[in-house]
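Report on one structure; see the data block that follows.
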Amino acid sequence: MVGIKAPGPRGDTLLGSTLDFKDSPLEFCTYVSRAYGDVARFRVGPTDWYLLTHPDHVWDVMTTQADVFLKPRIAHRLWREFLGHGLLTSEGTEWRRQNTMMKPTMHRTNLDGYADVMVAYTHRMVDAWSDGERRNIHRDMTGLTLQIVAKTLFDADVAGDAKTVGDAMEVLQQVMVEHIHLPIPLPSWWPSEGNRKKLEAVHTIRSIVGRLIEERRGNTEGRTDLLSMLMDARDMDGGAMSDQEVYDQAVTLFFAGHETTANGLTWAWYALARHPEVLAKLQAELDAVVGDRPLRMSDLKDLPYLDMVVHECLRYLPPVWVYIKEPTQDAVVGGYRVPKGVPVLISPWVTHHDPRFWPEPDRFLPERFTREGRMAQLRGAWIPFSGGARVCFGKSFALTELRLIIGSMCQRLDPTVPADHWPTKVAELSMHPRGGMPFDVVFRKPSPQTAVAK
Ligand code: HEM
């Protein structure tokens, strides 16, 4: 293997940098990147981990060398237990077949249908709020995105199940993070507290998704929900997905399709609450283009500033702060050796805050995303959804959802996070604020409740 050895911190003789990485991953990765350069190396337990920061290297790994840099084996092992062989956990021919069969579910015409659900559910949520009340907006956004994904995916109203599924998903996230931090993972049959909770959560999600699939069986004609489309999908040889495959894909989309968006929305409320000049400009655009009527998919093309705000939110506080690849053979990136089998981190958080690619990175500036601004950006510099063939499957869904929810809420509310609130970022599978995010309901015009009371 050619290439030079990547530099990095020595760390503790026994543990390497394990504790620094575990205790403050955002700060530690930023430090390693700034101090040791674009391809850096640090030790977690007995293993060398690599961190890539430069957009050129990120792009290289996601596109040119995509056949070598796959999802890590640890992710496959942890996720397969409950996601089975879905899009997130498959590789090679299996992934290509699934991706081809599933892509139509995200076509523009289907997104149009999903858009009405996104707007209607947002208004339904806001209608139930009262002026002046304090809410936990993280919890509200998690409930909202879960209900949206259930309605678009299964054509089901899960208002009753939302809390049960949400709690089970949270347990799974926590257990997975704990697993990643264990030097030797416990086998799943081991009677530990974590394994017991995990099995319970898997059982809960399986039974709810299983019930929704049963309800839909033999009743897919003319329906445009994702589940019906998965059941009707055919591969190149005319073959349909097996029951197990439909089930695995449904759980995968359920899992991948709401948490990250909810975290993205929560951070967006924080950013907008702290930048009244951006909010004012956004509301002026919404008032001029949409007025008081509900936002529609067809409005989005006339709302360029809304799109810029959403892009900047995902740069400034990316909900997926890191993802991991693993080379299946010895590789070279940017002239540095990357040995077979090592975890390679790509961190939107670190790359998005590198002043070489984003001047004044800690300022929240949607103007970075004007047409000219976008043209000047390096490929691989804005990576909240990853990129290349394994780009987020729900990228268009999520960008539509973020714009419609943020747009609809800003039409009606002035997002307000108490001035003395400083959120602590928890960087687990996705980045979220510890303990949620307080949010004061301030209607721009009288709320439905206030109007009724008068
Ligand atoms: C703001 C919201 C979202 C963000 C930031 C996000 C981010 C990401 C990222 C970074 C990946 C790559 C992970 C990796 O390589 O390890 C990914 C993959 C994926 N995402 Fe998303 N995602 C979002 C919303 C969604 C939604 C709404 C859906 C489904 C409706 C979804 C479904 C998926 C799936 C199925 C994959 C696996 C794709 C594959 O491996 O081929 N995501 N997402």
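The values are calculated or read from the model by the stated rules, or taken from the named source; none is laboratory data. This one's a predicted model, so the numbers in the text were calculated from it and none came from an experiment. Don't worry about glycine lacking a Cβ; one is built from the backbone with ideal geometry, like all the others, and counts go over all protein chains shown.
Annotations
- The set of residues from the range 106-156 being among the aromatic types (Phe, Trp, Tyr) and within 27 Å of residue 214 (Cβ to Cβ) comprises 114, 121, 154.
- Of the residues screened, residue 240 is not one that is within 30 Å of residue 420 (Cα to Cα), hydrophobic (A, V, I, L, M, F, W, C) and either within 16 Å of the ligand (Cβ to nearest atom) or in contact with a strand residue (DSSP E or B) (Cβ under 7 Å, 6 or more places away or on another chain) (or both).
- Pick from the range 1-23, criterion part of a strand (DSSP E or B) and not β-branched (Val, Ile, Thr), ranking: farthest from residue 321 (Cα to Cα): 12
- The range 24-95 holds helices (runs of 4 or more DSSP H) entirely within its bounds, and those carrying 2 or more residues that are modelled with pLDDT of 90 or more and either touching a Lys or Arg at 6+ places or on another chain (Cβ under 8 Å) or farther than 27 Å from residue 425 by Cα (or both) map to 55-59.
- Against the numbered list (1) of a type in the set (D, E, K, R); (2) surrounded by fewer than 23 Cβ atoms within 10 Å (Cβ to Cβ); (3) within 15 Å of the ligand (Cβ to nearest atom), residue 248 comes up short only at (2).
- Scope the range 119-143; condition loosely packed, with under 15 Cβ neighbours inside 10 Å and either without any contact (Cβ under 8 Å) to a residue 12 or more places away in the chain or of a type in the set (Phe, Trp, Tyr) (or both); matching residues: 124, 128
- Here residue 30 passes the criteria (1) within 28 Å of the chain's Cα centre (by Cα); (2) on the phi > 0 side of the Ramachandran plot except the one numbered (2).
- If you go through the range 277-297 and keep only what is assigned to a helix (DSSP H, G or I) and of a type in the set (A, V, I, L, M), you end up with 278, 279, 280, 282, 284, 286, 288, 289, 297.
- When the range 251-276 is filtered for residues that are within 11 Å of the ligand (Cβ to nearest atom) and among the hydrophobic types (A, V, I, L, M, F, W, C), the ones remaining, listed by number, are 251, 253, 254, 255, 256, 262, 265, 267, 268.
- Any hit, the range 1-15, residues being touching a residue at least 12 places away in the same chain (Cβ under 8 Å) and of a type in the set (Ser, Thr, Tyr): no
- Residue among 150, 128 that alone is at pLDDT 80 or above, away from the ligand (no atom under 16 Å from the Cβ) and aliphatic (A, V, I, L, M): 128
- Residues of the range 305-320 include at least one that is within 16 Å of the ligand (Cβ to nearest atom), among the β-branched types (Val, Ile, Thr), surrounded by 20 or more Cβ atoms within 10 Å (Cβ to Cβ) and part of a loop (DSSP other than H, G, I, E, B).
Yes or no, residue by residue, for (1) closer than 22 Å to residue 335 by Cβ; (2) touching a residue at least 60 places away in the same chain (Cβ under 8 Å):
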| position | (1), (2) |
| --- | --- |
| 24 | no, no |
| 32 | yes, no |
| 37 | yes, no |
| 55 | yes, yes |
| 68 | yes, yes |
| 71 | no, yes |
